[in-house]
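The values are calculated or read from the model by the stated rules, or taken from the named source; none is laboratory data. The shown structure was predicted, so the numbers you read here are calculated from the model rather than taken from an experiment. We place every Cβ from the backbone using ideal geometry, glycine too, and count neighbours over all the protein chains shown.
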Amino acid sequence: MNPIRRLTQRLSNPLLVLLPADALVAFAALFAGAWIRFGLDLASATQSIGPLFPRAVSFAACIVIGLTTMGLYRARQRPTVSESIARVLVGVGIGGFGHILFFYLFPEHNTGRLTLAIAMVLSFVAICLVRGLLLRFLDHNPAKRRVLLMGSGRVAAKVGLLRRRSDRRRFEVVGFVPGSAAEREFAERNGMGPLIGPDVDLRQLRFDEVVVALDDRRGMFPTAQLLRHRYIGIPVRDIVDFLEQETGKIDLDVLHPGWLIFASSGHSRWGFRVMKRLVDVGIGTVMLVLTSPLLLLAVAAIRIEEGRAAPLMYRQRRIGRGGRLFDLLKFRSMRLDAEKGGPMWASRQGDDRVTRTGALLRRFRIDELPQLINVIRGEMSIVGPRPERPEFVGKLSQHLPLYDYRHCVRPGLTGWAQLNFPYGASIEDANEKLKYDLFYIKNTSTLFDLVILMQTLEVVIWGRGTSMAGPRSSEARSGEPSQSPAQMRLFTTRKSDAA
């Protein structure tokens, strides 16, 4: 493959494009801020506040961290213009505050308040402009990975559901190779294309990757053909792996038996489990101390609304690691008679059982803070799948065969599913969240936990049940984009691109 083409393909990943660009912009902004502050004289700035290079490095690092908390490096981010501007503004604000804390800890790196203020303003304006241009480049990158689909039936049609530009920033489909007459008929009936006929020499096609997406592999698996592709250096991947990488979840509809059994996962390593437990205790203790003022305010608000006799918290049985039961602690956000008729699905919006104080506590996740005690006890982790009630687990396990697999790790205070899908209130929602939970379990790592924890701040600040990269309201209830197979002509017409 052409080295330039390989480079441009890698640059289709937003993380590899946006993060270095933002860091460079912030780095230059601090120099520009010092230059403006000291009368267009960098020599005077250096004499007054010291060397600018280390200060610019720390400022850029803080800005990148702030933007990370706002989810601005997600591969499938799809912000509106106003949403992107708002999140950059908050991210720069968080980064600037972090830089203030940094030079209070290390006074020798102080940049001065006015210099910092100018640098933050310049960073905000420049990052908004540069990001707008780079996201347009990512959407229309002409050197995306060219993918050949071996299959054209219902499994291959899953790729057609990735209809948004943000879902297809990293690849484009060259064509479909039907594995049977039934697959060809399905593709023709639903407008999938282009179809690659048996008379076409695949060696004449220009593709960078082969994805096996056959409806039925028995007796029709093209072993010799795929080995020939591997022999000349073309990657061959399973549709499950392909969708996992492109969507950030494991698609249960195409998951074949044995895939999870042989898939490697960090949670099975003893060293990782020990490290995760130490991190949980450390972060849980620090967060409990730092959020203690919020805890006291929550106690006061509940007392004012419901009186001194009303209980502050409630204990609710949940299922933890290995199926063990534990009492989850939460601030009470519902009326005392909320479940007089038995356990019910909760909803983040429109639940008339929630008190006025409870609605505020829920909006900013303050009602979840007592679970830090569960974390310190070892019943929960900071990051992991959310624990569910035994009454619901039995029902969900009957409908969702892999649901019990969530219990191989400790449940979490926050998690990958919470960042990507709204608050669930049905079996369909639980099925969609399970896809993200399985992705987390398979790909768990200390760095992944840190990124999830940082991006949880995004959900807390905006006070809603999903991050910017999660589904829009129209998709939230169904779990999949509302699109019929006949609408999957996106491979042959660019007019169907969605924002």
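Within segment 312-330, the set of residues being modelled with pLDDT of 95 or more and among the aromatic types (Phe, Trp, Tyr) comprises PHE326 only. ARG169 satisfies every condition listed in (1) out of contact with any Ser or Thr (no Cβ under 9 Å at 6 or more places or on another chain); (2) buried (at least 19 other Cβ atoms within 10 Å of the Cβ); (3) among the basic types (Lys, Arg) except (1).
With respect to GLU108, is the statement that it is touching a residue at least 40 places away in the same chain (Cβ under 8 Å), farther than 18 Å from VAL130 by Cα and not basic (Lys, Arg) true? Judged against the criteria, GLU108 is a match. The residues of segment 45-95 that are aliphatic (A, V, I, L, M) and outside any helix (DSSP H, G or I), listed by number, are MET70, LEU72, ALA75. Mind checking whether some residue in segment 177-199 is under 32 Å from the mean Cα position of the chain (by Cα), at pLDDT below 90 and under 30 Å from TYR73 (Cβ atoms)? Within segment 177-199, none of the residues are under 32 Å from the mean Cα position of the chain (by Cα), at pLDDT below 90 and under 30 Å from TYR73 (Cβ atoms). Only one entry in ALA61, ALA75 is of a type outside the set (Ser, Thr, Tyr) and touching a Pro at 6+ places or on another chain (Cβ under 6 Å), namely ALA75.
Taking each residue of segment 179-198 that is at positive phi and looking for partners that are outside any loop (DSSP other than H, G, I, E, B) with beta-carbon atoms closer than 6 Å, six or more apart or interchain, yields GLY191/ALA486. ARG184 meets all of the listed conditions (1) within 30 Å of VAL81 (Cβ to Cβ); (2) basic (Lys, Arg); (3) touching a strand residue (DSSP E or B) at 6+ places or on another chain (Cβ under 9 Å) but one, namely (1). Only one entry of VAL90, VAL57 meets the criterion of being in contact (Cβ under 8 Å) with a residue 12 or more places away in the chain, within 27 Å of THR247 (Cα to Cα) and not basic (Lys, Arg), and that entry is VAL90. Only residues that are of a type outside the set (Gly, Ala, Ser) and in a loop (DSSP other than H, G, I, E, B) were counted in segment 141-162, giving 7. Considering segment 234-259, and only residues there that are modelled with pLDDT of 85 or more and more than 24 Å from GLY415 (Cα to Cα), the residue that is surrounded by the most Cβ atoms within 10 Å (Cβ to Cβ) turns out to be ILE239. Taking the conditions (1) under 28 Å from the mean Cα position of the chain (by Cα); (2) at pLDDT 90 or above in turn, THR80 satisfies each one other than (2).
From the set of residues in segment 1-47 that are charged (D, E, K, R) and modelled with pLDDT under 90, which is surrounded by the most Cβ atoms within 10 Å (Cβ to Cβ)? Only one residue tops the list, namely ARG5. Of the listed requirements (1) of a type in the set (Val, Ile, Thr); (2) under 24 Å from GLY248 (Cα atoms); (3) surrounded by fewer than 22 Cβ atoms within 10 Å (Cβ to Cβ), VAL159 misses just one: (3). Considering PRO411, PRO401, the condition of being surrounded by 24 or more Cβ atoms within 10 Å (Cβ to Cβ) and of a type outside the set (D, E, K, R) is satisfied by PRO411 alone.
Does ALA75 satisfy the condition of being closer than 21 Å to VAL451 by Cα, surrounded by fewer than 20 Cβ atoms within 10 Å (Cβ to Cβ), aliphatic (A, V, I, L, M) and in contact with a Lys or Arg (Cβ under 9 Å, 6 or more places away or on another chain)?
Details: closer than 21 Å to VAL451 by Cα: yes; surrounded by fewer than 20 Cβ atoms within 10 Å (Cβ to Cβ): yes; aliphatic (A, V, I, L, M): yes; in contact with a Lys or Arg (Cβ under 9 Å, 6 or more places away or on another chain): yes.
So ALA75 fits the description; yes.
Total residues in segment 106-140 satisfying the condition of being modelled with pLDDT under 85 and assigned to a helix (DSSP H, G or I): the figure is 8. Only residues that are of a type in the set (A, V, I, L, M) and in contact (Cβ under 8 Å) with a residue 40 or more places away in the chain were counted across segment 204-254, and they come to 13.
Cβ separations smaller than 6 Å between residues 6+ apart or across chains give no pair from segment 123-139 residues that are closer than 15 Å to PHE27 by Cβ to residues that are among the polar types (S, T, N, Q).
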